[in-house]
Number of protein chains: 2
Amino acid sequence: MRALVVGGAGFIGSHLCDALLEEGHAVICMDNLSLGTRDNIAHLEENGNFCFYEADASQPEDVKKIFEDEHIEYVFHLAANSDIQASAENPEVEYRNTYTTTFQILLAMKKYNVKRLFFASTSAVYGDKQDVLLVEDTPGLAPISYYGAAKLGSEALIHAFTYMNDLKTLVFRFPNVIGPRLTHGVIFDFIRKLRKDSTHLRILGDGRQTKPYIYVTDLINAIMWFQGKAESGVSIYNVGVEGTTSVTAIADIMCEEMKLSEVVYEYTGGEGGWKGDVPHFQYCIDKIHNAGWKAIHTSDEAVRETIRQNIGGECV
Amino acid sequence: MRALVVGGAGFIGSHLCDALLEEGHAVICMDNLSLGTRDNIAHLEENGNFCFYEADASQPEDVKKIFEDEHIEYVFHLAANSDIQASAENPEVEYRNTYTTTFQILLAMKKYNVKRLFFASTSAVYGDKQDVLLVEDTPGLAPISYYGAAKLGSEALIHAFTYMNDLKTLVFRFPNVIGPRLTHGVIFDFIRKLRKDSTHLRILGDGRQTKPYIYVTDLINAIMWFQGKAESGVSIYNVGVEGTTSVTAIADIMCEEMKLSEVVYEYTGGEGGWKGDVPHFQYCIDKIHNAGWKAIHTSDEAVRETIRQNIGGECV
């Protein structure tokens, strides 16, 4: 099939391009390179089944050109501002890069009669519900970040466009995703900080923020597993892993892998890392397990593997 | 207080301006006159506590000017495309008039430090859940119209902005609202059709679509009752009435009030009036009743009163 990957030069998007090409599909990659990079797809540019458009999915003209020229059969929409902390100061980034991209892509699918959609949603749609087991239809979704709000708004659009235009839509709510080509987040920050000063590590919050981390190739396997099975309507899945990892545990694993034994941790204090952060979070992944998929890496293993990949052979 | 009514020249907005002025508040009315009209507020233009801006809440510059000049203390946001049937063909109307207006208003509230918000949401956020008693935290909200999607997206934004900026926010989910100054909908259509041809009436669907209709002054009383009691965070209420009225019952009441005894009904057939219509709908209004408010008119009474107001003394 001819697959459009929106946000295909990003961290997760570029891994998805790899997997789709490996299964023999034609991949049209669209990215405005705001967070994605040419480096992430450099290894694909000679591939005859791959083409890249530097284009902005929030801009109708950019979207129109691709849908007109490329006979798209399946849209994988992963374009978004994925840096929640950054958009806390500037919600307009979420309006443009997270919500409007979804709207314009759906509008083009309607116009050009494209029926299959994968959408990258997020655990942030739930908001801060610490004592609730989060299943896909947990009531009272109340995002506390602009990012979560723009993703929940996108899900709402997807429901209406799917119903009105008879789409087959798959929505995955991602937890924290880590692995090679990471561009931000706690692991990325810690490596940078420890490379600058290997004696002290400043940790946002009290270090007890605890979340599940999924390894990017596990997530990609889940997308590839389900994309062929799309059914009419909207199917939503929490995608996750066994276990969670605390921020202090990440620091510990990192010091171990970097062979640093004397690092002093300095906590900024408070429950969350920043306003809009959900400090403790784990969701129920029974639905996706029951559908036949399971991650290979636990959360701790994903963290360790990511650190190894990102520090490479070098010592600080 | 100084209240900004966004969409204040519209059907419901203009009644809210009346009520706020009556209680002695200063009212700044903002409307782009896409659905609202000068006629709706003509009786207020001499009032020293009232001022009107013809301005578009989806445009940052328009919003900025009002927040800069007017020292707003409370925002009542009722601007939206309220004609669901019309936007089924053109979802961009909802993106601009329903979602983007909410985003720009929230952004201005953040910037200008305005803490109190009333938001007009809708029963359409629930989607088509015919066998479920719809309470405020019913799970799995899945709107089937672009209008419902843009309103649910707006609610998501409101959660995040309220949390991030410590707002006091009141959200009412409206059912069908009717009364004087109505601009569209089934009653409006039937009057127009019967004035043109008093022997036949074309009815969309099978006529069994059944919904609660609230009289606009009852709704305004609810807003006025709760606006003074705003608490931190987001409070969501279904606002409704006892009973529901079917489309055929509306036709019957109308013929009775218009003294037409020989009208032949012609049904277009099908469950819903149009794609995106939710044919049977009633939600639970226990929460708002328990909080001390109750509508005066039942659904049937609201329908009859609206017909009387809109046909006036004239016969067709």
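Quick one: with label points 7 Å out along Cα→Cβ, list the inter-copy distances for A:Gly140 in nm, shortest first?
Label point to label point, same position, other copies: 1.9 nm.
Over the whole of B:147-155, what's the average partner chain Cβ count within 10 Å per residue? Rounded to a whole number, please.
Across the residues of B:147-155, the mean count of other-chain Cβ atoms within 10 Å is 6.
Between beta-carbons, use under 10 Å as the cut-off and find the net charge around B:Arg38, counting Lys and Arg +1, Asp and Glu -1. Walk me through the intermediate numbers first.
On the way: positive: none; negative: B:Asp31, B:Asp39, B:Glu45, B:Glu54.
Surrounding charge for B:Arg38 is -4.
Based on the mean of other beta carbon atoms within 10 Å per residue, what is the order of B:85-93, A:297-305, most packed first?
Details: B:85-93: 16.8, A:297-305: 21.6.
Highest mean packing first, the order is A:297-305, B:85-93.
What's the average, rounded to a whole number, of partner chain beta-carbon atoms within 10 Å of each residue's beta-carbon in B:160-169?
Working: counts 17, 3, 2, 11, 8, 1, 0, 0, 0, 0.
Average per residue, whole number: 4.
Between the label point of B:Leu33 and that of the same position in each other copy, find the distances and list them shortest first in nm, with every label point placed 7 Å from Cα along the Cα-to-C-beta direction.
Copy-to-copy label distances for B:Leu33: 4.6 nm.
Give the span of the protein assembly as shown's Cα atoms along each principal axis, as three whole-Å numbers ordered largest to smallest.
Per principal axis, max minus min of the Cα coordinates gives 89, 51, 40 Å.
Using amide H atoms built 1.01 Å from N in the peptide plane, name the residues 5+ places from A:Tyr53, or on other chains, whose amide H lies under 5 Å from its own.
A:Cys29, A:Met30, A:Asp31
Tally Lys and Arg at +1 and Asp and Glu at -1 over the other residues with C-beta under 12 Å from the C-beta of A:Lys229: what net charge comes out?
With Lys, Arg at +1 and Asp, Glu at -1, the net is +1.
Report the antiparallel proportion of the DSSP beta bridges in chain A as a percent, rounded to a multiple of 5.
Bridges in chain A that DSSP calls antiparallel: roughly 5 percent.
Counting alpha carbon pairs within less than 8 Å and at least 6 residues apart, what relative contact order, in whole percent, applies to segment A:154-271?
Reported relative contact order: 43 percent.
Sequence gap at least 6, Cα distance under 8 Å: using those rules, report the relative contact order of chain B to the nearest whole percent. Write down the numbers at each step before the final one.
Numbers: 622 pairs, mean separation 56.0, N = 316.
Value for chain B: 18 percent.
Starting from the amide H of B:Gly270, placed 1.01 Å from N in the peptide plane, find each other amide H under 5 Å away whose residue is 5 or more places distant or on another chain.
Counting only residues 5 or more places away or on other chains, the set is B:Asp206.
Under a Cβ-Cβ cut-off of 13 Å, what is the net charge of the residues other than B:Thr101 that fall near it, where Lys and Arg count +1 and Asp and Glu count -1? Before the final figure, lay out each step's value.
Numbers: positive: B:Arg96, B:Lys151; negative: B:Asp31, B:Asp56, B:Asp62, B:Glu94.
Value of the local net charge: -2.
Full-extension gain between B:Asp189 and B:His280, please, as 0.36 nm times their residue separation minus the C-alpha to C-alpha distance.
30.8 nm
Please turn the phi angles of segment B:211-219 into ³J(HN,Hα) values with the Karplus equation 6.51 cos²θ - 1.76 cosθ + 1.60 (θ = phi - 60°), one per residue in order, whole Hz, x for glycine and proline.
Going residue by residue, I get 9, x, 10, 9, 7, 4, 6, 5, 4 Hz, with x marking Gly and Pro.
Could you estimate the translational diffusion coefficient of segment B:237-313 from the Stokes-Einstein equation, with Rh from the Kirkwood formula over C-alpha pairs, at 10 °C and 1.306 mPa s, in whole µm²/s?
Translational diffusion coefficient: 108 µm²/s.
Between the alpha-carbon centers of segment A:1-65 and segment A:194-254, tell me the distance in whole angstrom.
Comparing the Cα centres of segment A:1-65 and segment A:194-254, I get a distance of 23 Å.
Where the eigenvalues come from the Cα gyration tensor of chain B, what are the semi-axes √(5λ) of the equivalent ellipsoid, largest first, in whole Å?
Result for chain B: semi-axes of 32, 22, 18 Å.
Kindly write out, for segment A:121-131 in residue order, the coupling ³J(HN,Hα) from the Karplus curve 6.51 cos²θ - 1.76 cosθ + 1.60 (θ = phi - 60°), rounded to whole Hz, with x marking Gly and Pro.
Listing the rounded values in order: 9, 8, 4, 5, 5, 6, x, 9, 10, 6, 9 Hz.
Against the 2.2 N^0.38 Å scaling, with N counting residues, where does segment A:1-64 land? I'd like the Cα-based Rg ratio to two decimal places.
This ratio for segment A:1-64 stands at 1.01.
Can you count the Lys pairs in segment A:161-316 with C-alpha separation below 20 Å, eight or more apart or on different chains?
Eligible lysine pairs with Cα atoms under 20 Å apart amount to 9.
Is it possible to state the helix-based mean residue ellipticity at 222 nm for chain A, with each DSSP H run of 4+ residues giving -39500 (n - 2.57), the sum divided by total residues, to the nearest 500 deg cm²/dmol? What is it?
One gets -11000 deg cm²/dmol as the mean residue ellipticity at 222 nm.
Taking θ = phi - 60°, what integer Hz values does the Karplus form 6.51 cos²θ - 1.76 cosθ + 1.60 yield along segment A:233-242, in sequence order, with x for Gly and Pro?
Karplus-based 3J(HN,Hα) across segment A:233-242 equals x, 9, 10, 10, 10, 6, 10, x, 10, 5 Hz.
Taking amide hydrogens as modeled 1.01 Å from N in the peptide plane, which residues meet the under 5 Å criterion relative to A:His280, leaving out close sequence neighbours?
Counting only residues 5 or more places away or on other chains, the set is A:Thr210.
From the Cα gyration tensor of segment A:105-196, with a ≥ b ≥ c the square roots of its eigenvalues, which class applies: rounded if a/c is under 1.5, or else prolate if a/b is larger than b/c, or else oblate? Can you show the working numbers first?
Details: a/c = 2.86, a/b = 1.57, b/c = 1.82.
Judged from the Cα gyration tensor, segment A:105-196 comes out oblate (a/c at least 1.5, b/c at or above a/b).
Using the alpha-carbon atoms, what tilt in degrees (0 to 90, nearest 10) does helix B:11-22 show relative to the longest principal axis of chain B?
The two axes meet at around 50 degrees.
Just to check, using Stokes-Einstein with a Kirkwood Rh over alpha carbon pairs, what's the diffusion coefficient of segment B:1-148 at 10 °C and 1.306 mPa s in µm²/s?
Values: Rh = 16.0 Å.
After rounding, the answer is 99 µm²/s.
What does the copy distance list look like for A:Pro60, label position 7 Å along Cα→Cβ, in nm and ordered from shortest?
1.9
Specify the angular offset, from 0 to 90 degrees and rounded to the nearest 10, of the alpha carbon long axis of helix A:299-311 from the longest principal axis of the alpha carbons in chain A.
Helix A:299-311 sits roughly 90 degrees off the main axis of chain A.
Please compute the modelled spin-label separation between A:Asp62 and B:Ser261, points set 7 Å along Cα→Cβ, answer in nm with one decimal.
6.8
Rule-based calculations on the coordinates, nothing more; no lab input. Please read all numbers here as calculations on a predicted model, not as lab measurements. Here Cβ is always computed from backbone atoms with ideal geometry, including for glycine, and neighbour counts include all displayed protein chains.
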